[in-house]
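I have placed the structure first, in the form of structure tokens, so that the comments after it can refer back to it.
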Amino acid sequence: QVQLVESGGGLVQAGGSLRLSCAASGVRFSSKTMAWYRRPLGKQREFVAFITRDGGSTTNYSDSVKGRFTISRDNAKQTVYLQMTSLKPDDTSVYYCNDFNMGLPWGQGTQVTVSS
């Protein structure tokens with residue numbers, strides 16, 4: 001049974017940092033290009049960042065987070081991370097991980113709230 005469990009969200013002031021984690025089980029994690037997505041309240045889910053399966057040699061970010069967020073992975077722990085710095089109120093969202101094709105069952109996500 002495939003499961004994605006996101007954690008690490010919380011309430012932070014603008015300019016602060018958070019590190020999100022997503023633990024995968026029931027899936028051959030090392031074969032997946034993994035990604036983070038987010039869904040602001042009342043809006044559609046949007047892409048945040050991806051990291052390729054080959055140990056993470058390639059990463060890519062949405063323009064809105066480029067230079068502030070860093071995606072990484074630990075294949076031994078079957079976990080993908082999102083280090084978020086210089087957070088802005090516009091980053092307030094529920095954050096989810098999935099493979100780049102969004103082919104895995106969605107987890108519950110983790111709420112990130114950035115106060116101004």
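The values are calculated or read from the model by the stated rules, or taken from the named source; none is laboratory data. Predicted, not measured: the structure shown is a model, and the values here were computed from it. Glycine also receives a Cβ, built like all others from the backbone with ideal geometry; neighbour counts cover every protein chain displayed. The accessibility values were calculated without ligands, DNA or RNA, using every heavy atom of the protein model including side chains. Shrake-Rupley method; radii C 1.70, N 1.55, O 1.52, S 1.80 Å.
Computed values, structure above
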| read-out | value |
| --- | --- |
| Qualifying residue in the stretch 3-25 (condition: open to solvent by less than 40 Å² (accessible area, probe 1.4 Å), out of contact with any Leu (no Cβ under 8 Å at 6 or more places or on another chain) and more than 17 Å from Pro105 (Cα to Cα)) | no |
| Positions within the stretch 90-102 being open to solvent by 60 Å² or more (accessible area, probe 1.4 Å) and of a type outside the set (D, E, K, R), in sequence order | Phe100, Asn101, Met102 |
| Residue within the stretch 79-95 that is more than 27 Å from Gly15 (Cα to Cα) and of a type in the set (Gly, Ala, Ser) present | no |
| Residue match in the stretch 50-62 (condition: modelled with pLDDT of 95 or more and of a type in the set (D, E, K, R)) | no |
| Matching option when the condition is surrounded by 19 or more Cβ atoms within 10 Å (Cβ to Cβ), touching a helix residue (DSSP H, G or I) at 6+ places or on another chain (Cβ under 7 Å) and modelled with pLDDT of 95 or more, among Val112, Val80, Val65 | Val112 |
| Selection within the stretch 49-58 - loosely packed, with under 15 Cβ neighbours inside 10 Å and on the phi < 0 side of the Ramachandran plot | Asp54, Ser57, Thr58 |
